[in-house]
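First the structure, in the form of C-alpha cells, and then the observations on it.
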Amino acid sequence: MPIEARIERIYEQVVRRNPGEVEFHQAVKEVIETLGPVLAKHPEYAEHKIIERICEPERQIIFRVPWEDDDGEVQINRGFRVQFNSVLGPYKGGLRFHPSVYLGIIKFLGFEQIFKNALTGMPIGGGKGGADFDPKGRSDNEVMRFCQSFMTELHRHIGEYTDVPAGDIGVGAREIGYLFGQYKRMTNRYESGVLTGKSPHWGGALVRREATGYGTVFFVEEMLKARGQSIEGRTCVVSGSGNVAIYAIEKLQQLGAHVVACSDSDGVIWHERGLDLDLVKRLKEVERRRIADYAREHGDAKYLPGGSIWDIRCEIALPCATQNELDEAAARRLVANGCVAVAEGANMPTTPGGVRVFQQAGIAYGPGKAANAGGVATSALEMQQNASRDAWTFEHTERRLNEIMSSIHRNCHEAAEVYGSPGNYVIGANIVGFRRVAEAMLAFGLI
Ligand code: GLU
C-alpha cells in the first residue's frame, strides 16, 4: 500500500476507535501526516506497526473524585490519567484541572507529550492527566480537599519510576503541594521524584516555575538567530496570563522586547506603553483575580472584553493560553500586520488552518512540542536533582534550560533540512520526536 494511503488508513482507524475525541484526532493527524518521508526511509517502522501502536495509549485510568465543598455539599468530578508511552522513561506529563477536561483533551495532551518529551533528549515517557474540576472561585480548602481526593485514587498508579505528574492549566505549586502531601501520607514514603513542579522549599527545582515561558522565548531567539535577526526592540503580544504567559513576558522584557498585550478567557489587556508585569503577577499569582482589573490600576491601558489579542499589531506573537485559540483568520491578521515569528507556549494553540497560513507566509513558526518543551525538560532536571538529593542554583539550571532549547531547535532545524522541508519546524519536531520513540519501540520488541 502506498505510504500516504497507509497513513490515511491509520488516521481513519484512530477516528473510528476514539469517537468524538476531536482534539485527539487533530493531534494525531498533525503528527502522522508529516511522517511519510520517515516511513519511506524506514520501512521497518511500517512493518512493525509503530505508528498504530503509538496511537493507542499503554493504559488509561478514569476515576471518580468525590469531595465536599465549603457549604457541606457533596461534589463529584471525573479524574483521568492516560499513560501513553513509556519506552523512553517513566510516563511524564502534567495534570490539568479545567471544566473542559474530558478523555479527548487528556489524550491529545498525552499524545503530544510523547514527542515533546522525546525531543528534550531526557529519559521521560509521555502521559497526561487531570479532572473536569473548575478551580475558579474555589477556596483554598476546597482545592485542598479536591486534591486529596484526587490523589487518594491516583497514588496507586504513579511513582518515581512509573509515572511522574506535574502541573498544567489549573495546577500550580499550591495544588502540587496538596497532592504531594496526600501521596506521602498514603504511601508513607518521602518520594520527592514522584511529582515535579514542587516548591523549591521542599524538593522543587529552581527555574521550574519560569521554565515553560522562558524556554519558549529561548526557542524564538534561536529561530530568529537562524534568520540573522533578534528579539531586542520587537513589539510582542502574549496570550494568556497564567504561568506560561507570565514568564514568557518576563524573559521577553529581559531581552529588550516591548510586550504590549496579554489576556485571559474574558478579555484582552492592551497597554501600548508596555505591560506592567509586576501588576500582572500580583493580580494572577497572588490575588487570583481577572486580568480586567489591570485597567483599573493603569488608566492608559485598554481592556477589550471578549476581544482577540491577535488583532493587535506585533512582530512576535506567543500563544500561551490554550488549544485552538488562534485560527486561520487570526493567523492571516497577524501576518498582514507584520508578524515575523510565532512560538507556541500552549499545547496545540494554533488550528491546522492557522498553521498553514504561517507556513505559506514563510514566517518563523515554532510548534508547541518544540517551543514549550522547556517546562517538561526542567521537570526532568528536577527529577535529576531529586534522584541525587541535590539542589542546583538558578543560574546553573537556567543555563541547562537554555542549552536544551538550543539543542531542540538545532535538531528540528537539521531534520527539516534532511527530510526536504528546510525551515519547517513542524516536520522537524515530529520527525525527531517520532524517530526516538520508534527506535526504542523496535529495540524492545512487540510490547
Ligand atoms: N504541562 C506541561 C507540558 O505541557 C509540563 C509537564 C511536566 O512538567 O511534566 O509540557
Notebook entry, point to check: Yes or no: Val143 among the β-branched types (Val, Ile, Thr), closer than 17 Å to Lys92 by Cβ and without any contact (Cβ under 8 Å) to a residue 40 or more places away in the chain?
Noted result: no
Check: For region 86-107, what are the residues that are within 11 Å of the ligand (Cβ to nearest atom) and either hydrophobic (A, V, I, L, M, F, W, C) or part of a helix (DSSP H, G or I) (or both)?
Finding: Leu95
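Let's see how each residue does on (1) more than 18 Å from the chain's Cα centre (by Cα); (2) of a type in the set (Asp, Glu):
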residue: Leu381; (1), (2): no, no
residue: Phe394; (1), (2): yes, no
residue: Arg399; (1), (2): yes, no
residue: Ile404; (1), (2): no, no
residue: Tyr419; (1), (2): yes, no
residue: Ile431; (1), (2): yes, no
residue: Arg435; (1), (2): yes, no
residue: Glu439; (1), (2): yes, yes
residue: Leu442; (1), (2): yes, no
Note to self: Looking at region 94-116 only, could you name the residues that are in contact with a helix residue (DSSP H, G or I) (Cβ under 6 Å, 6 or more places away or on another chain) and either of a type in the set (Gly, Ala, Ser) or without any contact (Cβ under 8 Å) to a residue 24 or more places away in the chain (or both)?
What the structure shows: Gly104
Item checked: Which listed residue is buried (at least 24 other Cβ atoms within 10 Å of the Cβ), under 21 Å from the mean Cα position of the chain (by Cα), farther than 24 Å from Ile54 by Cβ and modelled with pLDDT of 95 or more, from Val164, Val171 -> Val171
Notebook entry, point to check: Of the residues that sit in region 376-400 and are within 23 Å of Gly125 (Cβ to Cβ) and β-branched (Val, Ile, Thr), which one is farthest from the ligand (Cβ to nearest atom)?
Noted result: Thr397
Check: Looking at region 128-141, is at least one residue surrounded by fewer than 24 Cβ atoms within 10 Å (Cβ to Cβ), within 30 Å of Ile427 (Cβ to Cβ) and either in contact with an Asp or Glu (Cβ under 8 Å, 6 or more places away or on another chain) or modelled with pLDDT of 95 or more (or both)?
Finding: no
Next item on the list: Spot the failing condition for Phe63; the list is (1) surrounded by 24 or more Cβ atoms within 10 Å (Cβ to Cβ); (2) under 17 Å from Arg156 (Cα atoms); (3) of a type in the set (Phe, Trp, Tyr), and only one is missed.
Entry: (1)
Notebook entry, point to check: Does Val164 meet the test of being touching a residue at least 40 places away in the same chain (Cβ under 8 Å), outside any helix (DSSP H, G or I), farther than 30 Å from Val15 by Cβ and within 16 Å of the ligand (Cβ to nearest atom)?
Noted result: yes
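Yes or no, residue by residue, for (1) assigned to a loop (DSSP other than H, G, I, E, B); (2) within 12 Å of the ligand (Cβ to nearest atom); (3) within 18 Å of Gly242 (Cβ to Cβ):
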site: Gln60; (1), (2), (3): no, no, no
site: Phe63; (1), (2), (3): no, no, no
site: Asp71; (1), (2), (3): yes, no, no
site: Arg78; (1), (2), (3): no, no, no
site: Phe84; (1), (2), (3): no, no, no
site: Lys116; (1), (2), (3): no, yes, no
site: Leu119; (1), (2), (3): no, yes, no
site: Ile124; (1), (2), (3): yes, yes, no
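The values are calculated or read from the model by the stated rules, or taken from the named source; none is laboratory data. The shown structure was predicted, so the numbers you read here are calculated from the model rather than taken from an experiment. We place every Cβ from the backbone using ideal geometry, glycine too, and count neighbours over all the protein chains shown.
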